[in-house]
Structure formats: structure tokens, C-alpha cells
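Novice: Submitted below is the structure of interest, expressed as C-alpha cells.
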Amino acid sequence: MFGWLKPKSQEEKLQALYALKLKEAFELSKINRAASDLKTAEAERVAQELDALRAAKNKNV
């Protein structure tokens with residue numbers, strides 16, 4: 001009933017950050033390709049963190 005009060009997990013936070021970085025990279029791609037590439041690299045680092053978190057979670061299960 002009060003799911004919106006539940007704090008986000010680290011995985012959910014990383015997923016949201018990854019989506020935001022990709023969206024920013026897409027918007028920058030229309031204006032400045034170099035900045036877009038940097039933002040995409042940031043998104044990839046977040047994706048790697050997310051993969052590591054998921055691997056650690058699966059290892060513990």
C-alpha cells in the first residue's frame with residue numbers, strides 16, 4: 001500500500017542513474033559529440049557497478 005515510501009535499493013538507484021546518463025548522452029549527441037561520448041563512458045561505468053552488484057547478489061543467493 002505504501003510502496004512509494006519504501007527506500008530504493010542500491011540496484012534501483014544505479015539503474016536510475018544509468019538511465020539518466022544515457023538520456024543525457026543522447027541529448028548531448030545532438031549538440032556536442034565529445035561531451036556525449038564522455039557521458040556515455042560515465043553510463044558504462046555505472047553499468048559495470050550495476051553488473052558487479054548483481055553478480056555479488058547472485059553469488060550470495
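The values are calculated or read from the model by the stated rules, or taken from the named source; none is laboratory data. Since this is a predicted model, take the numbers as computed values, not measurements. Ideal geometry is used to build each Cβ from the backbone, glycine not excepted, and the neighbour counts take in all protein chains shown.
Novice: Pairs please, first residue from region 33-58 and polar (S, T, N, Q), second anywhere and loosely packed, with under 12 Cβ neighbours inside 10 Å and at pLDDT below 95, Cβ atoms under 9 Å, 6+ apart in sequence or on different chains.
Specialist: none
Novice: Only one of 13, 8, 57, 23 is at negative phi and part of a loop (DSSP other than H, G, I, E, B). Can you tell me which?
Specialist: Numbers: 13 fails: part of a loop (DSSP other than H, G, I, E, B); 57 fails: part of a loop (DSSP other than H, G, I, E, B); 23 fails: part of a loop (DSSP other than H, G, I, E, B).
Checking each option against the conditions leaves just 8.
Novice: What about residue 58, is it modelled with pLDDT of 95 or more, over 15 Å from the mean Cα position of the chain (by Cα) and not basic (Lys, Arg)? Full working, then the answer.
Specialist: Values: modelled with pLDDT of 95 or more: no; over 15 Å from the mean Cα position of the chain (by Cα): yes; not basic (Lys, Arg): yes.
Considered against the rule, which asks whether it is modelled with pLDDT of 95 or more, over 15 Å from the mean Cα position of the chain (by Cα) and not basic (Lys, Arg), residue 58 comes out as no.
Novice: Sticking with this structure for a sec: When you go through (1) modelled with pLDDT of 95 or more; (2) within 17 Å of the chain's Cα centre (by Cα) one by one for residue 30, which number turns out not to apply?
Specialist: (2)
Novice: Being exposed (fewer than 13 other Cβ atoms within 10 Å of the Cβ), in a helix (DSSP H, G or I) and hydrophobic (A, V, I, L, M, F, W, C) narrows it down to one of 47, 41, so name that one. Show your work before the answer.
Specialist: Details: 47 fails: exposed (fewer than 13 other Cβ atoms within 10 Å of the Cβ).
Of 47, 41, the one residue that is exposed (fewer than 13 other Cβ atoms within 10 Å of the Cβ), in a helix (DSSP H, G or I) and hydrophobic (A, V, I, L, M, F, W, C) is 41.
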